[in-house]
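Down below is the structure, laid out as structure tokens.
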Amino acid sequence: MLGVDVLDKHLEFARTRFTDFGERVRFENRSVYDLGLPGGAFDLTVCRHVIHSIPYPERVLAELIRVTRSGGRIHVIAEDYGMIHFEPRALDPDAFWREGPRAFGEATGTDLLVGRKVYGLFRRLDLLDVTVDYVVIDPVRVPRATFVSIWEAWRDGYARAVAEHTRFSEQEFLAHFDNMLATLRDPDGYGVWFVPIVSGRVP
Ligand SMILES: C[S@@+](CC[C@H](N)C(=O)[O-])C[C@H]1O[C@@H](n2cnc3c(N)ncnc32)[C@H](O)[C@@H]1O
């Protein structure tokens with residue numbers, strides 16, 4: 001089993017987490033645009049939480065298909081920030097989610113709404129048996145503390161970048177995230193994030 005990323009720090013983190021797998025798994029610095037691996041080398045290729053954050057997702061999918069053997073499968077976890085819904089409180093989270101990801105994507109050459117497009121991309125790349133399933137992250141299925149920790153990491157990690165690339169100031173961004181965090185910390189509060197998992201078979 002092989003895991004790849006382009007940041008050595010992330011690869012080192014993965015290695016420390018998966019020591020139990022011993023020699024069965026290795027982690028290497030390789031780019032998903034050009035893996036530098038032979039064609040048809042893998043039975044199953046998985047790409048998690050990447051294609052929304054980098055340009056040209058269709059090139060990534062073509063490279064994943066290239067390295068997967070005929071009859072093998074591809075799973076892509078593709079985020080889509082239009083699939084996040086929170087009840088309104090002091091602020092209406094839709095006011096941020098409808099505009100923020102589109103503006104950020106346009107400014108950075110990324111597509112933060114790519115999740116809904118992967119089914120069509122897979123079909124046009126001739127993959128077979130294409131399916132779409134969802135990981136549902138909500139307080140009914142996921143511990144509130146886990147959901148909160150994801151939203152805190154986004155709040156703390158993206159405030160400056162969002163302010164740089166969209167009309168939302170750092171303070172407005174933080175206010176929207178603190179508003180959603182108040183919902184998640186309230187035992188009666190509800191929000192949901194649907195994360196598509198698109199799967200297909202290589203002809
Ligand atoms: C949100 S993280 C997801 C990390 C990991 N795949 C997971 O599921 O936990 C996105 C990752 O994509 C990596 N990345 C960005 N561009 C890449 C590329 N061209 N090839 C491989 N990985 C890349 C980043 O370094 C970052 O670790």
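Observations on the model:
- For ILE54, the residues 5 or more places off, or on other chains, whose built amide H falls under 5 Å of its own are ASP111.
- Volume per residue of the convex hull around the Cα atoms, evaluated for the stretch 162-203, comes out as 113 Å³.
- Compared with the dominant Cα axis of the chain, that is its longest principal axis, helix 144-165 is turned about 90°.
- Fraction in percent of alpha-carbon pairs per bin - 5 Å, the stretch 44-104: 4, 15, 20, 16, 13, 10, 9, 6, 4, 1, 0
- With 5 Å bins from 0: P(r) over the stretch 31-201, alpha-carbon pairs, percent: 1, 8, 16, 19, 17, 14, 11, 8, 4, 2, 0
- Under 5 Å, built H, 5+ apart or other chain: amide partners of GLY3: ARG26, PHE27, GLU28
- Protein accessible area in the chain, 1.4 Å probe - carbon and sulfur %: 54 percent
- Computed lengthening from ARG102 to LEU44, 0.36 nm per intervening residue step minus Cα-Cα distance: 17.7 nm
- Using Cβ point charges alone (K and R +1, D and E -1), the dipole size of the stretch 12-114 about the Cα centre works out to roughly 440 debye.
- Using θ = phi - 60° in the Karplus curve 6.51 cos²θ - 1.76 cosθ + 1.60, the 3J(HN,Hα) couplings for the stretch 21-36 round to 7, x, 6, 6, 10, 9, 10, 10, 7, 9, 9, 5, 6, 8, 6, x Hz; x is entered for Gly and Pro.
- Total formal charge among the other residues, if their Cβ is under 14 angstrom from that of GLY40, Lys/Arg +1 and Asp/Glu -1: +2
- Rounded to the nearest Hz, the phi-derived 3J(HN,Hα) couplings of the stretch 76-86 under the Karplus curve 6.51 cos²θ - 1.76 cosθ + 1.60 (θ = phi - 60°) are 10, 8, 10, 6, 8, 7, x, 10, 10, 9, 10, where x marks glycine and proline.
- Here's the picture: charge each Lys and Arg Cβ at +1 and each Asp and Glu Cβ at -1 in the stretch 31-201, and of PHE42, ALA62, PHE177 the one pushed furthest to the positive end of that dipole is PHE42.
- In this Cβ point-charge picture (+1 for Lys and Arg, -1 for Asp and Glu), the chain has a dipole of about 640 debye about its Cα centre.
The values are calculated or read from the model by the stated rules, or taken from the named source; none is laboratory data. Computed from a prediction, not measured in an experiment: that's the story for all the values here. When we count neighbours, we look across all protein chains shown, and the Cβ atoms used for this are built from the backbone with ideal geometry, even at glycine. Surface areas here come from the heavy atoms of the whole protein model, side chains and all, with no ligands, DNA or RNA. Shrake-Rupley method; radii C 1.70, N 1.55, O 1.52, S 1.80 Å.
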